[in-house]
Amino acid sequence: MSVARKWVFPILRLVVFAAIAVALVKLAFFADPAGEESPAFPTGQIVEPQVPVAIGTIRNDVVLDGTVNADAAAGVQATLTGEVRKVSVAQGQWVDAGAEMMQIRGLADDGTTRWSIVKAPISGTLSEFDTLVGEATSVGEVVARIAPPTFNVTATLDPADRYRLLTLPADAQITIAGGPAPFTCTGLTITTGSTSSGSGGEGEGAGAGTSGTTARCAVPADVTVFAGLVANMTIAGGLAENVLVVPTTAVEGGSGTGVVYVVGDDGASEPRDVTLGLSDGVDVEVLTGLEEGEVILQFVPGAPADPGMGGPGVIMGYGG
């Protein structure tokens, strides 16, 4: 034990100190030149994200937030210029289509007396009716309004989504949270400009003006709904299975035809025309112009950055 203390431990300490001294000399006088680069400059490079052309399925369902509305009340017009001689109904009363509402007496061009019976054009509740016996009328004057017991669902459609609905289906699927089971809403129409959605109180059907592009369909009579309910409208624009698909961000254009940028073996990209089919807003079907397995740029060169996708170009690595 005395030999270890006298010779072994001192020798080991000398070896350790010598190694430390050599390391310090190397760091002081023989530093790696590559380590002298300024950390303020990037050492990586900008890499354009790439994706392969793959086989997939496109379900072109356009889902919209909508509202249940009472159908607008129908106006009842006087059919003769003259005087009301008989009133057969009262405001708030239910009337059937074709029921007598009032009788008007007037004069013909030859001076003879004429009679006209005003009938209900539709079935519903008389939401407006204040005509009195003895009141004067003129042809075409609105003398009453009838609110039908029917409803519709309306939803605002992004004009860009019209490209996804070039072939409009006849109906849509409606889901109401806390309401009846999902049901089919018929008579689907899409209009652009000012429309009357008929979003007044229940049974009144007072039309409320809206603008923009609107999708509208009729609620079946056997489905119980109420005006003002929030509804989801799903419009099925088509289904394409086992087709070539690419991200919509990779396509310049988007309706019928477009341009993608194909990456060659040398890493360079070149534009190529493609024919497009269905799109679900994320991916788009490619009908012609590409083959499965080809590599394309994920983003169109020069396109605005998408924060959710990392932008058209991603910086890979940064010095410092």
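The values are calculated or read from the model by the stated rules, or taken from the named source; none is laboratory data. Every value quoted in this text rests on a predicted model; they were computed, and no experiment measured them. Here the Cβ positions follow ideal geometry from the backbone for every residue, glycine too, while neighbour counts run over all protein chains shown.
Which condition number in (1) at pLDDT 85 or above; (2) buried (at least 17 other Cβ atoms within 10 Å of the Cβ); (3) closer than 22 Å to Leu165 by Cβ is the one that Glu241 fails?
(2)
Would you call Gly203 surrounded by fewer than 14 Cβ atoms within 10 Å (Cβ to Cβ) and modelled with pLDDT under 80? Steps first, please.
On the way: surrounded by fewer than 14 Cβ atoms within 10 Å (Cβ to Cβ): no; modelled with pLDDT under 80: yes.
The answer is no for Gly203.
Name every residue in the stretch 45-72 that is under 19 Å from Thr214 (Cβ atoms) and either in contact with an Asp or Glu (Cβ under 9 Å, 6 or more places away or on another chain) or part of a loop (DSSP other than H, G, I, E, B) (or both), in order of residue number. Even if it seems obvious, please write down each step before you answer.
The initial filter retains those residues of the stretch 45-72 that are under 19 Å from Thr214 (Cβ atoms), namely 61-72.
Asp61, Val62, Leu64, Ala70, Asp71, Ala72 - these are the residues of the stretch 45-72 that are under 19 Å from Thr214 (Cβ atoms) and either in contact with an Asp or Glu (Cβ under 9 Å, 6 or more places away or on another chain) or part of a loop (DSSP other than H, G, I, E, B) (or both).
Which residue out of Ala155, Ala181 is of a type outside the set (D, E, K, R), in the same structural domain as Ala227 (by TED's automatic domain parsing), modelled with pLDDT of 90 or more and crowded, with 16+ Cβ neighbours inside 10 Å? Can you show your working first?
Numbers: Ala181 fails: crowded, with 16+ Cβ neighbours inside 10 Å.
After ruling out the rest, the residue left standing is Ala155.
Those residues that are of a type in the set (Asp, Glu) and more than 16 Å from the chain's Cα centre (by Cα), I need them from the stretch 135-170; list them, please.
Quick first cut of the stretch 135-170, residues of a type in the set (Asp, Glu) only: 135, 141, 158, 161.
Glu135, Glu141 - these are the residues of the stretch 135-170 that are of a type in the set (Asp, Glu) and more than 16 Å from the chain's Cα centre (by Cα).
Please go through (1) at positive phi; (2) touching a residue at least 60 places away in the same chain (Cβ under 8 Å) for Ser127 and return the number of the only condition it doesn't satisfy.
Just one mismatch for Ser127, condition (1).
Considering only the stretch 75-92, state which residues are surrounded by fewer than 20 Cβ atoms within 10 Å (Cβ to Cβ), outside any loop (DSSP other than H, G, I, E, B) and under 49 Å from the mean Cα position of the chain (by Cα).
Scanning the stretch 75-92 gives Gly75, Gln77.
One line per residue, one yes/no per condition, for (1) closer than 26 Å to Arg164 by Cα; (2) touching a strand residue (DSSP E or B) at 6+ places or on another chain (Cβ under 9 Å); (3) modelled with pLDDT of 90 or more:
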position	(1), (2), (3)
Val223	no, yes, yes
Ile235	yes, yes, yes
Pro247	yes, yes, yes
Val260	yes, yes, yes
Gly264	no, yes, yes
Leu278	yes, yes, no
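Mind checking which pairs have a first residue in the stretch 280-304 that is over 14 Å from Asn60 (Cβ atoms) and in contact (Cβ under 8 Å) with a residue 40 or more places away in the chain and a second that is acidic (Asp, Glu) and in a strand (DSSP E or B), Cβ under 9 Å, 6 or more apart or different chains?
Short answer, once both residue conditions are applied: Val300/Glu252; Pro301/Glu252; Ala303/Glu252.
So in the stretch 289-304, with the set limited to residues that are out of contact with any helix residue (DSSP H, G or I) (no Cβ under 8 Å at 6 or more places or on another chain) and among the small types (Gly, Ala, Ser), which one is nearest to Leu276 (Cα to Cα)? Before the answer, list the steps.
Our first condition is that a residue be out of contact with any helix residue (DSSP H, G or I) (no Cβ under 8 Å at 6 or more places or on another chain); within the stretch 289-304, this holds for 289-295, 301-302, 304.
Right, trim to among the small types (Gly, Ala, Ser) and you get 289, 293, 302.
Working: Gly289: 9, Gly293: 17, Gly302: 21 Å.
Ranking the candidates gives Gly289 first.
Considering each of Val95, Val118, Val142 in turn, give the residue that is touching a residue at least 40 places away in the same chain (Cβ under 8 Å), among the β-branched types (Val, Ile, Thr) and surrounded by fewer than 12 Cβ atoms within 10 Å (Cβ to Cβ). Steps first, please.
Working: Val95 fails: surrounded by fewer than 12 Cβ atoms within 10 Å (Cβ to Cβ); Val118 fails: surrounded by fewer than 12 Cβ atoms within 10 Å (Cβ to Cβ).
Of the residues listed, the single one that is touching a residue at least 40 places away in the same chain (Cβ under 8 Å), among the β-branched types (Val, Ile, Thr) and surrounded by fewer than 12 Cβ atoms within 10 Å (Cβ to Cβ) is Val142.
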